[in-house]
Amino acid sequence: MILDLLANHAWYLPLHPRLKPAFAWLAAQDFAKLVDGKVAIDGENIFASIESGTTAVPAQRKFESHRRYLDIQVPISGGERMGWVPAASVQPGEQAGPDLWFHPEPKLSQQVTVTPGSFAIFAPLEAHKPCCVLADKPAPFRKVVVKVSWT
């Protein structure tokens, strides 16, 4: 898991060759003009999902992981807390989609706050619980999740 400011994204480009076009796409966007849905960046190798919703209390969210894609989660407005569990600590889960597994609640997890101007990267196999409330009550959020194929 990586948590940093978007301004520092270049530090992470050497981790995988597809991160450069993913972050270049992010830098070129006027987020106010993006509509919710899927946007192809490089076919199925890199694509973005623009999402609007309401944060939820952690008990209403599930830990998820992916095998093929890493997530670059970028809040556009609002913000959220996200749970994280390193890959080595993830309990087996149930497949819920082509590249989506849901996992039982771990005994221990880390919580991070991700707000506009920052990003979080979750590598394949790392479980994460996105869209959790920042404060006491649910609030609206808008974000983009860039999916980058690791294979």
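Annotations for the structure displayed:
- Over all other residues within a Cβ to Cβ distance under 13 Å of Cys131, the charged ones net out to +2, with Lys and Arg as +1 and Asp and Glu as -1.
- Applied to segment 40-53, the Karplus parametrisation 6.51 cos²θ - 1.76 cosθ + 1.60 on θ = phi - 60° returns per-residue 3J(HN,Hα) values of 6, 10, 9, x, 8, 6, 9, 8, 10, 10, 9, 10, 10, x Hz, with x for Gly and Pro.
- Candidates Val90, Val133, Val112: whichever shows maximal mean-square fluctuation once the chain is modelled as a Gaussian network with Cα springs under 10 Å: Val112
- Within segment 1-141: Cβ-based charge dipole about Cα centre, in debye rounded to nearest 20 (Lys, Arg +1; Asp, Glu -1): 120 debye
- Non-local lysine pairs in the chain, meaning eight or more places apart or on different chains, with alpha-carbon distances under 15 Å, amount to 8.
- Stokes-Einstein diffusion of the chain at 20 °C, 1.002 mPa s viscosity, Kirkwood radius from Cα pairs, rounded to a whole number: 138 µm²/s.
- With contacts taken as Cα pairs under 8 Å and at least 6 residues apart, the chain reaches a relative contact order of 38 percent.
- Lys137/Ala88 FRET efficiency (R0 41 Å; Cβ-Cβ; nearest 0.05): 0.75
- Kirkwood estimate for segment 1-87, i.e. one over the average of 1/r between Cα atoms, Å: 14.8 Å
- Cα gyration tensor shape for segment 2-44, rounded if a/c is under 1.5, else prolate or oblate: oblate
- Rounded to the nearest whole Hz, the Karplus-based 3J(HN,Hα) values (6.51 cos²θ - 1.76 cosθ + 1.60, θ = phi - 60°) of segment 22-32 follow the sequence 5, 6, 5, 4, 4, 5, 8, 8, 9, 4, 5, with x at glycine and proline.
Rule-based calculations on the coordinates, nothing more; no lab input. Remember, it's a predicted structure, so these values are computed and weren't measured experimentally. Using ideal geometry, Cβ is built from the backbone for each residue, glycine included, and neighbour counts are taken over all protein chains shown.
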